[in-house]
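So the structure is just underneath, and the comments pick up after that.
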Amino acid sequence: MLVTGGAGFIGSCYLRLVRRLRPDDLVVNVDVLTYAGNLENIQELAHDPGYRFVRADIRDQQTVTAALRQHDIEVIVNFAAESHVDRSVASAEPFLDTNVGGTLRLLEAARAAKVKRFVQISTDEVYGSLGSTGAFEESTPMAPRSPYAASKAAADHFVAAFHHTHGLDTVITRCSNNYGPYQFPEKLIPLMILNAFDGKALPVYGDGMQVRDWIHVEDHCQAIDLAVTRAAPGAVYNIGAENERPNMDVVRAILKLTGRDESLIRHVTDRPGHDRRYAMNATRIRRDLGWSPGHDFEHGLADTVTWFRENSGWCERVRSGTYRSYYDDQYAARLSAAGGNDSEGVP
């Protein structure tokens, strides 16, 4: 298996899961290590004989194709993406380049190497925004409303096109909002947790009544793995845990768990085009693949707050940017001694 973006929040969780479930398999992690890619997230795999790391951009089709052939890859799971909506509002081009162009080059590499299955990790945001009732179905027309969502929708269309045009075995999963350990603190839950720890203001967009369907990252990854191993070719699955919460309710719960009061809340100017509500109907994956989430939101959030409290060193390195030296500290000397470079697989 080749996993792209495996040093990120969700990708690293999936790598840890796969190594536990199938320790005899080989897993190759391709990640370019952008600001959100952190090898500390998978430090426990550094000496795992069934794990390889390749530092490369998914847009580098030649390097990716070489890795596919070198390791006889059968399955690609594509997590690699620019994923923060605010950043896409500020500049859409990186989202076009990575999320669309990168996915297209991965698909071409998969065809060239005759990969057996290509799994695209997408998002509920491709569907747009809901009113006060209803939930997204797999058949809901895509209506993206942010540059990030538009880039993911375009990538999904390319994946589907390669299935129908070229016969590539593809699967697409679309998930609701994730939370849990190792999440980069630009996203709502870790940002609010860390600001609350520090007694800093908690910035809340608009009235804070935007509704999201929250899922623990470990539940998401278990659903992905069922799709990887059991889904029919061409399948699309929504993944959601039916934990709808207004953002304000989430913020208030975090304040309670961290022992802070609501005086820290600051309502700030809303994000342009901010979607009001997401909700996912995950009946298909529950029925077809037997998946169900294992974390209820209250306990999952409490455990997440505890994890961030107990891993203050990781948090500080991420927020200061010094975690980005981890790769050099961990691998530079080994690669130099081996006469290699940072594009080569490292166990």
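Throughout, read-outs are computed from the coordinates displayed, never taken from laboratory work. None of the values given here were measured: they were computed from a predicted structure. Because the Cβ atoms are built from the backbone with ideal geometry, glycine has one as well, and the counts that use them run over all protein chains shown.
Any idea how many residues of segment 243-273 are without any contact (Cβ under 8 Å) to a residue 40 or more places away in the chain, assigned to a helix (DSSP H, G or I) and over 24 Å from Asp219 (Cα atoms)?
3
Are any residues in segment 50-93 farther than 26 Å from Val204 by Cβ and in a helix (DSSP H, G or I), and if so, which ones? Outline the logic, then answer.
The initial filter retains those residues of segment 50-93 that are farther than 26 Å from Val204 by Cβ, namely 50-80, 93.
Matches in segment 50-93: Gln61, Gln62, Thr63, Val64, Thr65, Ala66, Ala67, Leu68, Arg69, Gln70, Glu93.
Scanning segment 10-22 for residues that are in a helix (DSSP H, G or I) and out of contact with any Gly (no Cβ under 8 Å at 6 or more places or on another chain), which turns out surrounded by the fewest Cβ atoms within 10 Å (Cβ to Cβ)? Don't jump to the end; show me each part of the working.
Step one: filter segment 10-22 for residues in a helix (DSSP H, G or I), giving 10-21.
With out of contact with any Gly (no Cβ under 8 Å at 6 or more places or on another chain) added as a condition, the list becomes 10, 16-18, 20-21.
On the way: Ile10: 23, Arg16: 18, Leu17: 16, Val18: 23, Arg20: 8, Leu21: 11.
Across segment 10-22, the extreme among qualifying residues is Arg20.
Given the condition out of contact with any helix residue (DSSP H, G or I) (no Cβ under 9 Å at 6 or more places or on another chain) and not hydroxyl-bearing (Ser, Thr, Tyr), answer yes or no: does some residue in segment 189-197 qualify?
First, pick out the residues of segment 189-197 that are out of contact with any helix residue (DSSP H, G or I) (no Cβ under 9 Å at 6 or more places or on another chain): 191.
When the remaining residues are screened for being not hydroxyl-bearing (Ser, Thr, Tyr), the result is 191.
Yes, there is a match, as at least one residue in segment 189-197 is out of contact with any helix residue (DSSP H, G or I) (no Cβ under 9 Å at 6 or more places or on another chain) and not hydroxyl-bearing (Ser, Thr, Tyr).
Kindly indicate the residue of segment 94-115 that is hydrophobic (A, V, I, L, M, F, W, C) and outside any helix (DSSP H, G or I) and also farthest from Ile172 (Cα to Cα) among those meeting that condition.
First pass over segment 94-115, keeping only residues hydrophobic (A, V, I, L, M, F, W, C): 95-96, 100, 104, 106-107, 109-110, 112-113, 115.
Among the residues that remain, those that are also outside any helix (DSSP H, G or I) are: 113, 115.
Details: Ala113: 20, Val115: 16 Å.
Checked segment 94-115; the qualifying residue farthest from Ile172 (Cα to Cα) is Ala113.
Are there any pairs, at least 6 apart or on different chains, whose C-beta atoms fall under 6 Å, with the first in segment 180-206 and among the small types (Gly, Ala, Ser) and the second surrounded by fewer than 16 Cβ atoms within 10 Å (Cβ to Cβ), and if so, which?
That search, which allows pairs on different chains as well, returns Ala201/Arg266; Gly206/Asp270.
Looking at segment 147-214, what strands (runs of 3 or more DSSP E) fall wholly within it and have at least 1 residues that are over 21 Å from Glu125 (Cβ atoms)?
Numbers: elements: 170-175, 177-179, 202-205.
In segment 147-214, 202-205 are the strands (runs of 3 or more DSSP E) which contain 1 or more residues that are over 21 Å from Glu125 (Cβ atoms).
In segment 215-239, what count of residues is obtained for those that are in contact with a Lys or Arg (Cβ under 9 Å, 6 or more places away or on another chain), outside any helix (DSSP H, G or I) and surrounded by 19 or more Cβ atoms within 10 Å (Cβ to Cβ)?
So the answer is 6.
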